1. Given axes a ≥ b ≥ c from the Cα gyration tensor, I'd like to know whether the chain is rounded (a/c under 1.5), prolate (a/b larger than b/c) or oblate.
2. Considering only DSSP states other than H, G, I, E and B, which trypsin sites (Lys or Arg not before Pro) in the range 1-98 qualify as loop sites with at most 12 other Cβ atoms within 10 Å?
3. Quick check for me: using +1 on Lys/Arg Cβ and -1 on Asp/Glu Cβ, what's the dipole size of the range 3-84 about its Cα centre, in debye to the nearest 20?
4. Once each part is reduced to its C-alpha centroid, what is the distance from the range 50-97 to the range 11-45 in angstrom?
5. List the residue ranges in the chain for DSSP H helices whose C-alpha atoms run 27 angstrom or more along the long axis and whose Kyte-Doolittle average is 0.0 or above.
6. Positive end of the charge dipole of the range 3-84 (Lys, Arg +1 and Asp, Glu -1 on Cβ, about the Cα centre): tell me which of W19, F72, W45 has its Cα farthest that way.
7. Any idea what the relative contact order of the chain is, in percent, if you count C-alpha pairs under 8 Å spaced at least 6 apart?
8. Loop only by DSSP, 12 or fewer other Cβ within 10 Å of the Cβ. Give me the chymotrypsin sites (Phe, Trp or Tyr not before Pro) in the range 1-37 that pass, ordered by residue number.
Amino acid sequence: MDLGKLKELVNNFAKERDWDQFHSVKNLSMALSVESSELLEIFQWMSEADSNNLSSQPEKMQKVEEEVADIFVYLLRIASKTNINLEEAVIRKMEKNAKKYPVELARGNSKKYNEF
Ligand SMILES: [Mg+2]
């Protein structure tokens, strides 16, 4: 995945429409939350089994793909506005998570790190 290219695509889209004026970090964070809720809405009332079997529900799968893309678009915009390097941030956070959730304690366990 070329994050730089995707960031450029998304930033140009906003720039061409003069939407930068609306894209404060606060507004983008709110928009990200709204898109996350749209993803949740697809799964609302759906059984666990159906949620794990989207390949047999092409219409739902299409909607999930679109909402996941919307979420990622806003994430890219937030990263651009805050100069966060997403690749480095994810690597750093996963290193932190690995310390919080050591394999010997977390394997097959859904407890939160402070409940070990
Ligand atoms: Mg959406």
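Please treat every number below as a calculation from the coordinates, not as lab data. Fair warning: this is a prediction, and the values are worked out from it, not measured in the lab. Positions of Cβ are generated from backbone atoms using ideal geometry, with glycine treated the same way; all protein chains shown enter the neighbour counts.
1. Working: a/c = 2.20, a/b = 1.25, b/c = 1.76.
It is oblate, given that a/c is not under 1.5 and a/b is not larger than b/c.
2. On the way: sites: K5, K7, K15, R17, K26, K60, K63, R77, K81, R92, K93, K96; in loops: R17.
When the trypsin sites (Lys or Arg not before Pro) of the range 1-98 are filtered for loop state and at most 12 Cβ neighbours within 10 Å, R17 remain.
3. Details: 9 positive and 14 negative charges, 98 e Å.
The dipole magnitude comes to about 460 debye.
4. Spelled out, the Cα-based centre of one part sits 12 Å from the other.
5. Details: long enough: 25-43 (28 Å, 0.71); 58-82 (36 Å, -0.16).
Helices meeting the span and hydropathy rule in the chain are 25-43.
6. W19
7. Working: 47 pairs, mean separation 35.7, N = 116.
Relative contact order for the chain comes out at 31 percent.
8. Working: sites: F13, W19, F22; in loops: W19.
Sites meeting the loop and neighbour criteria: W19.
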